[in-house]
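Laboratory data are not the source of any read-out in this text; all were calculated from the coordinates shown. No experiment lies behind these values; they were computed from the predicted model shown. Cβ placement follows ideal geometry from the backbone for every residue including glycine, while neighbour counts extend to all protein chains displayed.
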Amino acid sequence: MAAALPHLAFASPRVLPKAAALPGRVVVLDIAFAATVGDSVSFEKTTQPLLAGLGDRLAAWVDHHDHERHAEFAADPRFRLATKAQHGACPEMITPELVRQTGPIDTILCHIDLDGLYAAAKWILGGIEPYPGADADARAVDTRIGAPGPIAVRIDQALRARFRDDQVKRAVVNWLVAGMPRSVHDDLLEEAAHEFEERAAGTAALSQRFTVRGRVAVVDAAGTRAPFDKTDLLLAGQALAPVSMVRDSGNVTIAAAFSSGWDFVRLLELGGGMPTRVSIPDARWKEAIDKINDAPAPTPRAAPAPGGDDA
């Protein structure tokens, strides 16, 4: 018999739903506590209202992104909070024991990327991987270390092609939970993955516009009409310099290899997030370049061990 699907909701650390929109007991997966970005986004303004609104309805919050507020929740058994160095991806933190201890839940609120959707599917399946190697695939996609398998590659491409489409996200979870049969969900993922090819062409064109400023390769994507994939564009910049920066739509995304040792959260005083990939307002792009170029050379960090720090 197929596992029963709870209500699924999707979010990012900076854009969270109202607690009233999440029925019953809620599990939150792979959603970081919000880092401070400008005047509108912070833990107090973004994460705290959801926590207060859920109250006792919060069954568990499982996440692997660094944040300075983690220590405040160490005594609450509902919170399983780690750093990216401890766990390269969220699904490996979800175990049959954790699912059993948490008990029945009504809603899963998960991050919008492959890591979050794999975590949701694994929770629904009682803490069991949807296919052998799924945890390793999620880790490879989320850290960009190692090569994910063909299932994860197709899903990752589908999600990046239609990153605003909740239908695709729902299809991923349904398809994984059902055992990946040939179905309408499979057809939708295949269609979305094909669209990724068009984005690849736009990404390749933008990658020719990088300029290198010391340690940083920067490209301004504002006004670009062709679709592009930001992750692949950032990786193209890292082929030119240790750090890549993409300016787009009033925001700046900065990234470096996970093993590089860069901690942009600390360097740019953001409060939380993934150390090697952050977003800041466009007004700070020159400041960020100066700080990166003036900083001491980082100490490379080891990749997360397979299975995380408990392996």
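Among DSSP bridges having both ends in the chain, what percentage is antiparallel? Round to the nearest 5. Rounded to the nearest five, the antiparallel share is 50 percent.
The HN-Hα couplings worked out from phi for the range 209-221 by the Karplus form 6.51 cos²θ - 1.76 cosθ + 1.60 (θ = phi - 60°) are 9, 5, 10, 9, 10, x, 7, 10, 9, 10, 9, 9, 9 Hz, whole numbers, x standing for Gly and Pro. Applied to the range 13-21, the Karplus parametrisation 6.51 cos²θ - 1.76 cosθ + 1.60 on θ = phi - 60° returns per-residue 3J(HN,Hα) values of x, 8, 10, 10, x, 6, 4, 5, 7 Hz, with x for Gly and Pro. Modelled spin labels at Q167 and R225, positioned 7 Å past Cα toward Cβ, are 2.6 nm from each other.
The 3J(HN,Hα) values that the Karplus relation (6.51, -1.76, 1.60; θ = phi - 60°) gives for the range 171-177 are, in residue order, 5, 4, 5, 4, 5, 5, 5 Hz. Gly and Pro appear as x. In the chain, the longest principal axis of the Cα atoms and the axis of helix 114-124 are about 10 degrees apart. Helix 134-143 axis versus longest C-alpha principal axis of the chain: approximately 30°, rounded to the nearest ten.
Measuring nothing but how far apart in sequence close Cα pairs (under 8 Å, 6+ apart) lie, relative to its length, the range 7-193 scores a relative contact order of 21 percent. Around the amide H of W61, modelled in the peptide plane, lie the amide H atoms of V28, F79, R80, all under 5 Å away and 5 or more residues distant in sequence or on another chain.
Of A34, A295, A152, the residue with the greatest mean-square motion in the GNM of the chain, using alpha carbon springs below 10 Å, is A295.
Nearest 10 degrees is fine. How inclined is helix 184-207 to the longest principal axis of the chain, computing both from alpha carbons? Helix 184-207 and the main axis of the chain meet at about 10 degrees. Here is the tail figure for the chain: Cα pairs spaced more than 35 Å apart come to 17 percent of all pairs.
Neighbour counting of Cβ atoms within 10 Å sorts the residues Y131, Y118, fewest neighbours leading, into Y131, Y118. Largest GNM mean-square fluctuation across G271, G53, G116, computed for the chain with C-alpha springs under 10 Å, falls on G53.
Calculated on the Cα set of the range 172-307, radius of gyration then Dmax: 17.6, 53 Å.
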